[in-house]
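Student: To start, I am sharing the structure in question, which I have written as structure tokens.
The values are calculated or read from the model by the stated rules, or taken from the named source; none is laboratory data. All of these numbers come straight from a predicted model, not from anything done at the bench. Cβ placement follows ideal geometry from the backbone for every residue including glycine, while neighbour counts extend to all protein chains displayed. Ligands, DNA and RNA are excluded from the accessible area calculation, which covers all protein heavy atoms including side chains. Shrake-Rupley method; radii C 1.70, N 1.55, O 1.52, S 1.80 Å.
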Amino acid sequence: MGENTLGFCEEFVNNAAEVVVSKSVKPDYDYIEKILRQAVNNAAVTAPYFKPEDVLIYLQGSYACKTNTKFQAKMEVVVELQKTTEYDYEKMTNADFVMREDFFVNFEYYFDVKRFKDALVSELQKLVKQKITVGVTNILIPPLADLQHTIDVLPCFKYKCFTPDGGSIRCKLVYDKTLDEHYLMFTNLHAANGQLKDEITQGNFKRMVRLFKHIVAISLREDMNIQGVRGYFVECMLYNVPNEMYFSADGKLLSVFLKVINWLNFADLDDFVCQNQIWSFWGRADGFWYQAAARQFINDVIEFYQAFPDKRTEIIKPITNRK
């Protein structure tokens, strides 16, 4: 491919696939964790159905899984309630768990994540003194002071999904304000399955995730041809690519990319699953995609590859260790 005028060069692929270590992640997380902890403490006073010590705050998403790019601007932080006066994760039994319509959950008063989220929003608004945005399932806090990142906060309950064999899977119960429903997110399984696939493919799975996410970010900055594609969608889509596609005879990442994109171009998308392997990838709630959008994205990536030499030469430079 080095002599060709069509498509990526090896240098671009290798640089875009590398792990990007952001020096701003730890100080930004430490700063926002203190604010979130104070909001939790205040909310526990105004809504005394839980204790602050029963709330976990931790990083998740691309920074936690090392699939971020140099363009990353959003940090995902979980605020997870494990126990209330009526509900205790550790004491949950099968009788507490009632599912309907694939991923929605019937709940009693003590499963009301909306109430928990509303209390957090109220207290965060007082603390940050800036406009925060209440999303479908999350809370978005704009960069504060010297922070480099927008903070994407996910309020949730630690939840236990019971399996037919008598076991259980840890998950998160979240509230979708658009649907006015509670449903389950299996982010722990998502992370674990992604890590396992990355190990099986000798690191090439996450390399391709970072490469594809770079393509989205570059397009957004140059021609807006690729829009509305979340990093989560990219990762889940690539998770469905067979492991053998992540290896090449010549050992080059460019060859791996071509195998992956060619496989996706001809793939039947019907049976694609989320990376948690619990749900279908397709659906109407937050966190699910549409096949037409996925097919368009695949076509857009191919067009991006074919048009690469025309406008993207400035991107071909080392990107490791940048903010």
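Student: If we count every other residue with Cβ under 14 angstrom of Pro48's Cβ, Lys/Arg +1 and Asp/Glu -1, where does the sum land?
Tutor: Details: positive: Lys51, Lys83, Arg115; negative: Glu53, Asp54, Glu86, Glu123.
Around Pro48, the surrounding residues sum to -1.
Student: Sticking with this structure for a sec: Quick check: convex hull over the Cα atoms of region 7-75, volume per residue in Å³, rounded to an integer?
Tutor: On the way: hull volume 7.1 nm³, N = 69.
Roughly 103 Å³ of hull volume per residue.
Student: With angles folded into 0 to 90 degrees, how steeply does helix 113-128 sit against the dominant principal axis of the chain? Use alpha carbons for both and round to 10.
Tutor: Once rounded, one gets 80 degrees.
Student: To the nearest 20 debye, what charge dipole does the chain have about its Cα centre, counting +1 at the Cβ of each Lys and Arg and -1 at the Cβ of each Asp and Glu?
Tutor: On the way: 38 positive and 42 negative charges, 201 e Å.
Charge dipole, the chain, about its Cα centre: 960 debye, nearest 20.
Student: Quick one: grab the alpha carbon gyration tensor of region 115-192, order the square roots of its eigenvalues as a ≥ b ≥ c, and give me rounded if a/c is under 1.5, else prolate or oblate depending on whether a/b is larger than b/c. Mind showing how you got there, number by number?
Tutor: Numbers: a/c = 3.00, a/b = 2.00, b/c = 1.50.
It is prolate, given that a/c is not under 1.5 and a/b is the larger ratio.
Student: Also, quick follow-up: Just to check I understand the Karplus step: with θ = phi - 60° and J = 6.51 cos²θ - 1.76 cosθ + 1.60, what whole-Hz values come out for region 63-74, glycine and proline as x?
Tutor: For region 63-74, the Karplus curve yields 5, 6, 9, 6, 10, 6, 10, 5, 8, 4, 10, 10 Hz.
Student: Suppose accessible area is computed on protein heavy atoms with a 1.4 Å probe; arrange Ser24, Ser280 from highest to lowest. Don't skip to the end; give the middle numbers.
Tutor: Details: Ser24 10, Ser280 55 Å².
The ranking, largest first, comes out as Ser280, Ser24.
Student: Right, here's the next one. Please give the per residue accessible area of the chain, computed with a probe of 1.4 Å over protein heavy atoms only, in Å². Before the final figure, lay out each step's value.
Tutor: Values: 14970 Å² over 323 residues.
Result: 46 Å² of accessible area for each residue.
Student: I need the fraction of alpha carbon pairs in the chain separated by more than 28 Å, rounded to a whole percent. Provide the component values of the computation, followed by the final result.
Tutor: Details: 23347 of 52003 pairs.
Percentage above 28 Å: 45.
Student: A further question on this structure: Could you compute the net charge surrounding Asp250? Neighbours are other residues with a C-beta less than 13 Å from the C-beta of Asp250; K and R count +1, D and E count -1. Provide the component values of the computation, followed by the final result.
Tutor: Working: positive: Lys252, Lys259; negative: Glu10.
Value of the local net charge: +1.
Student: Here's another thing I want to ask about it. Mind checking the angle between helix 25-46 and the chain's longest principal axis? C-alpha axes, 0 to 90 degrees, to the nearest 10.
Tutor: 20
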